[in-house]
Structure formats: C-alpha cells, structure tokens
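All remarks here apply to the structure that follows.
The values are calculated or read from the model by the stated rules, or taken from the named source; none is laboratory data. Just so it is clear, the model here is predicted, and its values are computed rather than measured. No Cβ is skipped: glycine too gets one built from the backbone with ideal geometry, and neighbour counts run over all protein chains shown.
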Amino acid sequence: MAPKRKPKLSVWKFASCDGCQLSLLDCEDELLTIAGAVEIAYFVEASRATVKGPYDLTLVDGSITTGHDAEVIQQVRRASKYLVALGACANSGGIQALRNFTDVNDFITAVYEKPELIKTLNESTPIAAHVKVDFGLNGCPINKRQLLSVVNAFLQGRPPMVRSHSVCLDCKVRGNICVMVMGTPCLGPVTHAGCGALCPTYHRGCYGCYGPKETPNPAALAAWFSQRLGVSEPNLVRAFRAFYANAPAFRQESEAHDR
C-alpha cells in the first residue's frame, strides 16, 4: 500500500517587512509538527526547497506593488487549492499603502538617487484585489496562535474559526481600565482583536494593528475623539492612516477629515 501523500504547503512573499513570515518561524515547536504533517514545497524564508505546484495550501505575505508581483500572484493562485492572505499588507496594502493617498512619484524622487530606474505601481493593493482569497488573517504582524489554528483548519478540511470581536473585549477580559476614560485616544472599539490588548494593557491607545473589526463604526469613534478628547482633524487623519490605512472603513474615515 502506497504511503499517503502529505499536503503541499507554500509560503510566498510580496511587498512586506517579513514580520508575518517570522511569526510562522516563531512557532518553534509547533512548526516542527507542521513540518511533519505537510511537505513545505516553497518557503524561501525557511527552506531552499522549490517544489512546483499544485499546492494544497498557500500562505501569502505582502501587498502587490509592482507589475511583476501582479503577474506572479495570478500564477500562485492558479497553482493553489486554498490561498490565505497573511497580515495587514496582504489584506489591505499595508503601511506602504500610504502611497495611495498621493502621487507615488513624490516618494520615489525623494528617496532614490535615480528614480528613473524604479518600476512600481501607483498604488499598493491587497491580494484580494487581484485574485480570490479563501481566508484573510489580520495583524501587523499576525498572531502565531491564530495562524496555527488557520493552517490546522485547512489541513483538516474545515473552515477556520478566528474570533472577530474588538480589542475592547480583550481589555475587559484582562481587567484593563479603559484608556479613553483617562483621556487617551484608542482605536480599540473599531479594531479586530488578536494582540491580546497589548497597548492598552500598558496604558497606551490601540493603534489599529489588526485592522477594522466586523461592522466597525469609525465615524462615531472619530466624533468621540474630536468632541470629548479634543483630537484635531490632522490627527484624526493620522489615527486612521497607519497599518490598515487602505482598509475601506479606515480609508473612508481618514478621507472624511483630510481637508
């Protein structure tokens, strides 16, 4: 009887800081279990193996910022049964999506000595803007426990179960006093949980590292920032233009205050 074939796992990187891939490598003991359960067919960050597809599960880190990347992601999608987008860059365009609010050529000429050599797209876009994504895991970087849960779900052939509550609920669980009561702006009410309320636990406002939660109401939060905490219009723009600046809910709210 022939041995059962191991599922093929591939990990691809586009425009990103590598933080989400490092979260996978940081799984340590759990990663050994994953490696025993799957064939790591393509993962440049961790292995020299370059096994061609088709792949049973593909994890994608990073946004699409070049014409070449836009072509490669199409090839990756065709070779993958399931495709999971990892983190802020892959799900909304990342911090590099700040280019989407201005002329990218302004950045290129300011940074590079020979801007004529740089070939890039005008915008940084999420993976879902180019191909079908089967699941998006939020975070900057992602939560490694959530990642393991998602990988395990796909290997078992069931839908991933990642809780979608806001950071506020995690603050309640940890017994944190709300930082907004103390006058500190916090994006926790509109931000997807996953960090364990890290910043509020240390008396800092949430920066929105995990992106908008399901059905957020950033307009109401911005009004509270302005009326109760005295946050200026420019600072309201900055509040919603960080890791998930290009996420529709945050982008719309930042543009409402960008005058």
**OP:** For Thr184, indicate whether it is more than 20 Å from Gly94 (Cα to Cα) and not assigned by TED's automatic domain parsing to the domain that holds Leu59.
**Re:** yes
Subject >> Candidate set: segment 110-129, residues that are surrounded by fewer than 17 Cβ atoms within 10 Å (Cβ to Cβ) and under 16 Å from the mean Cα position of the chain (by Cα); chosen: the one nearest to Ala35 (Cα to Cα) >> reply: Ala128
Subject >> The one condition in (1) surrounded by fewer than 21 Cβ atoms within 10 Å (Cβ to Cβ); (2) out of contact with any strand residue (DSSP E or B) (no Cβ under 9 Å at 6 or more places or on another chain); (3) of a type in the set (A, V, I, L, M, F, W, C) that Ala153 fails to fulfil >> reply: (2)
**OP:** Please work out which residue is farthest from Thr65 (Cα to Cα), limiting yourself to segment 20-51 and to residues that are small (Gly, Ala, Ser), out of contact with any helix residue (DSSP H, G or I) (no Cβ under 7 Å at 6 or more places or on another chain) and surrounded by 14 or more Cβ atoms within 10 Å (Cβ to Cβ).
**Re:** Ala35
Original post:
Consider Val162 against the criteria (1) at pLDDT 95 or above; (2) within 30 Å of Thr33 (Cα to Cα); (3) of a type in the set (Val, Ile, Thr): it satisfies all of them except one. Which criterion is unmet?
Top reply: (1)
Original post:
Does Phe107 count as surrounded by fewer than 20 Cβ atoms within 10 Å (Cβ to Cβ), touching a Leu at 6+ places or on another chain (Cβ under 9 Å), aromatic (Phe, Trp, Tyr) and under 20 Å from Gly194 (Cβ atoms)?
Top reply: no
Original post:
Of the conditions (1) over 18 Å from the mean Cα position of the chain (by Cα); (2) among the charged types (D, E, K, R); (3) assigned to a helix (DSSP H, G or I), Arg259 fails just one. Which one is it?
Top reply: (3)
